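Undergrad: Encoded as structure tokens, here's the structure I'll be asking about.
The values are calculated or read from the model by the stated rules, or taken from the named source; none is laboratory data. Remember, predicted model here, so these are calculated numbers, not experimental data. Positions of Cβ are generated from backbone atoms using ideal geometry, with glycine treated the same way; all protein chains shown enter the neighbour counts.
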Amino acid sequence: MNRTIVKHIVVALVLVLFQTLVLQYAGFLSFVPLVYLYAVLIWPIDMPVWRALLLGFLMGLAVDILLDCPGMHAAATTFVVYLRRPLLRTFLSKEETEGMEPGERSMGFLGFWKYALVMILCHHFVLYLVESFSWADPWMMLLRTLVSSLLTGLLVFLFERFRR
């Protein structure tokens, strides 16, 4: 197996365990950062779509199983993995994406953060929409999406500092 793939699988496992064993219980009210998404953000761009979708689904499913959720994380993570490549192609040219791992170093600060924030917001919106499964309280859903996205973005920022 390729070293890059093994590295990214290990990062995903560590982030899923960190999410389910630490962060899930350290949330503020109902606002929880979802840092396992960072693993998806930094996957190589040239990863085959089928592999990215499968790994994204399995990672979300692992979080669902460990947190006893009915598939919400799997749905949201699979959705953003599906959006990942088109989003990257919107922020970068095709030549720039060849064999690259997204990050501040490879995309630049602004490029990476535009991509990361859109992915985080989409993930959290889908997650909380599936969780509430209605528009009964749209303001609370939007508030949870924004605050949790902000917390997730802050932790992703810190992880990106250590990755350099």
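Undergrad: Quick check on region 24-44: of everything there that is assigned to a helix (DSSP H, G or I) and touching a residue at least 40 places away in the same chain (Cβ under 8 Å), which residue is nearest to residue 65 (Cα to Cα)?
TA: My answer is 24.
Undergrad: While we're on this one: Would you say residue 20 is closer than 27 Å to residue 140 by Cα, polar (S, T, N, Q) and not in a strand (DSSP E or B)?
TA: yes
Undergrad: Next question. If I filter region 145-160 down to residues being of a type outside the set (A, V, I, L, M, F, W, C) and out of contact with any Asp or Glu (no Cβ under 9 Å at 6 or more places or on another chain), which single residue comes out as surrounded by the most Cβ atoms within 10 Å (Cβ to Cβ)?
TA: Applying the filter and picking the extreme gives 152.
Undergrad: When the residues of region 11-55 are filtered to those that are under 22 Å from residue 106 (Cβ atoms), more than 15 Å from the chain's Cα centre (by Cα) and aliphatic (A, V, I, L, M), which remaining residue is surrounded by the most Cβ atoms within 10 Å (Cβ to Cβ)?
TA: Only one residue fits best here, namely 47.
Undergrad: If you don't mind, another one. How many of the residues making up region 45-75 are acidic (Asp, Glu) and either at pLDDT 95 or above or in a helix (DSSP H, G or I) (or both)?
TA: Qualifying residue count for the region: 1.
Undergrad: Looking at the structure I just gave you, is residue 111 small (Gly, Ala, Ser), at pLDDT below 90, touching a helix residue (DSSP H, G or I) at 6+ places or on another chain (Cβ under 6 Å) and more than 20 Å from residue 76 (Cβ to Cβ)?
TA: It is true that residue 111 is small (Gly, Ala, Ser), at pLDDT below 90, touching a helix residue (DSSP H, G or I) at 6+ places or on another chain (Cβ under 6 Å) and more than 20 Å from residue 76 (Cβ to Cβ).
Undergrad: Could I ask something else about it? Could you figure out which of (1) of a type in the set (Asp, Glu); (2) under 23 Å from residue 151 (Cβ atoms); (3) touching a Ser or Thr at 6+ places or on another chain (Cβ under 9 Å) isn't true of residue 104?
TA: Result: residue 104 fails condition (3) only.
Undergrad: Tell me, which residue of region 127-144 that is more than 12 Å from the chain's Cα centre (by Cα) and touching a residue at least 24 places away in the same chain (Cβ under 8 Å) is surrounded by the most Cβ atoms within 10 Å (Cβ to Cβ)?
TA: 144
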